[in-house]
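The structure appears below as structure tokens.
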Amino acid sequence: MISRNLAKRIINKVRNLLEEDLIVVDTTGTIIASTDEQRVGHFHEGAVITCRKQVKVIISKADESTLKGVKAGINLPIFFNEQIIGVIGITGDPEQVSGYGELLQKMTELLVKESYYFEQREWEARTRELFVFDWMKQEQWSDSFLHQSTVLGVDISVDRQVIIGYYKQPEVKQLSTDIWTDVIKQYSEDDEDIFVRWGTEQFLILRAGHKSIASTKRLLQQIQSYFAEQYQQAVLFGVGQVIEAKQLFQSFKQAERALQLAKGERTVVFDEELQLEICLQEVSLATRIELVERTIRPLLTERELLETLKLFITLNQSIKKTAEALHIHINTLHYRLKKIENVTSLNPRDFHHLTTLSIALTFLEDYLKNNYKNALFSEVHP
């Protein structure tokens, strides 16, 4: 039987093609959608006859007084998989509207098929998402998990690596199904790779086999370019290491760790390339906040100095390159570095001090997020 939501979609799709009123009726004879809202919920005897005969039924002016709930026009059966699932009707002079009948019937049946295949894709996607969720969370495989892998056609014998993609824009709540389907078609280059949505802001790629870092980077850069060009959206990636499928949750944790760093300055981070960052990820939030407080907090009101320090570190403490990148004289850069030392009591040209400043910058995002949350809490709880 046709659903109310689908019936409304059909009416909205075809109402611009015809001036006449339209109705969609279920197999019990109840009008479930109409261009005339007052008819929704009423019984339509002509539709019941159409369902029984499974052919077009013409409703004449005379029939309006003998059949319950009808108006002059035509009623057309809606078929799906050779079964009648409802009726669509056009109100008006039967001789004038009959010419639209076959076109309207075919268009309606196409919309029904489109809706069915969309729902099938959604069901398959959700089933696969739940399967991968179980895969990431359990260290031992249950019999039901093994059975489901067979049903879904997922090879759980090959080594894999987890890649987490993150939609960077705050206004993007989640990707539409159409965009998601499009991206998978474009970049699911290996039949063994698994793409699933992961919450509202992320998606996972379970990459099969031992691919080189270069080939994986190339794939992720292509996906980033496609998102940017087609949908004006930025995507960040955290990449775990290739690991035995039964221990894939470890690669997932590595990808999560790498993604946190990707949300900083970089856009693609491989866990296996991390060094000092591994230790920094283990530092508690309280310690991160305290280090920022003790070091670079005064620079938060000195935007120019903060950006100078970041660039100085990025360019490996090269005075010449930093000055050129900032389009300032070398003497001006020396002045700024001295001012940073005066404000923070840490000399950017001293190795130990610069290391401290660099680590503090790594923790700056956590510090700002924490302060923002506290500010919101204060507004709500004065």
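Taken together, ALA214, ALA234, ALA258, ALA245 contain a single residue that is over 19 Å from TRP180 (Cβ atoms) and touching a helix residue (DSSP H, G or I) at 6+ places or on another chain (Cβ under 7 Å), which is ALA258. Identify, by number, the condition in (1) at pLDDT 90 or above; (2) under 14 Å from the mean Cα position of the chain (by Cα) that GLU201 doesn't meet. Condition not satisfied by GLU201: (1). Has region 42-64 got at least one residue that is crowded, with 17+ Cβ neighbours inside 10 Å, in contact (Cβ under 8 Å) with a residue 24 or more places away in the chain and part of a strand (DSSP E or B)? Looking through region 42-64, at least one residue is crowded, with 17+ Cβ neighbours inside 10 Å, in contact (Cβ under 8 Å) with a residue 24 or more places away in the chain and part of a strand (DSSP E or B).
A quick yes/no check of all residues on (1) within 22 Å of GLU192 (Cα to Cα); (2) of a type in the set (A, V, I, L, M, F, W, C):
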position: GLN221; (1), (2): yes, no
position: TYR231; (1), (2): no, no
position: GLY238; (1), (2): yes, no
position: ALA262; (1), (2): no, yes
position: PHE270; (1), (2): yes, yes
position: VAL283; (1), (2): no, yes
position: THR301; (1), (2): no, no
position: GLU307; (1), (2): no, no
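Take the conditions (1) closer than 20 Å to ASN12 by Cβ; (2) touching a Cys at 6+ places or on another chain (Cβ under 6 Å); LEU76 misses just one of them, which is (2). If you check ILE184, ILE223, ILE194 for being within 15 Å of the chain's Cα centre (by Cα) and modelled with pLDDT of 85 or more, only one passes: ILE223.
In region 21-30 there is at least one residue matching the filter, namely being of a type outside the set (Val, Ile, Thr) and in contact with a helix residue (DSSP H, G or I) (Cβ under 7 Å, 6 or more places away or on another chain).
Take the conditions at pLDDT 80 or above, over 20 Å from TRP135 (Cα atoms) and either out of contact with any Cys (no Cβ under 7 Å at 6 or more places or on another chain) or not in a loop (DSSP other than H, G, I, E, B) (or both) and apply them to ARG218. Does it pass? Yes; evaluated as a whole, the condition is true for this residue. Being crowded, with 18+ Cβ neighbours inside 10 Å and of a type in the set (Val, Ile, Thr) is a description that applies to VAL87.
Suppose the filter is surrounded by fewer than 19 Cβ atoms within 10 Å (Cβ to Cβ), on the phi < 0 side of the Ramachandran plot and assigned by TED's automatic domain parsing to the domain that holds GLY101; does LYS71 pass it? Criteria not met by LYS71. Can you pull out the residues in region 71-105 that are under 43 Å from the mean Cα position of the chain (by Cα) and hydroxyl-bearing (Ser, Thr, Tyr)? Of everything in region 71-105, those that are under 43 Å from the mean Cα position of the chain (by Cα) and hydroxyl-bearing (Ser, Thr, Tyr) turn out to be THR91, TYR100.
The values are calculated or read from the model by the stated rules, or taken from the named source; none is laboratory data. Because the structure is predicted, anything quoted here is derived from the model rather than measured. When we count neighbours, we look across all protein chains shown, and the Cβ atoms used for this are built from the backbone with ideal geometry, even at glycine.
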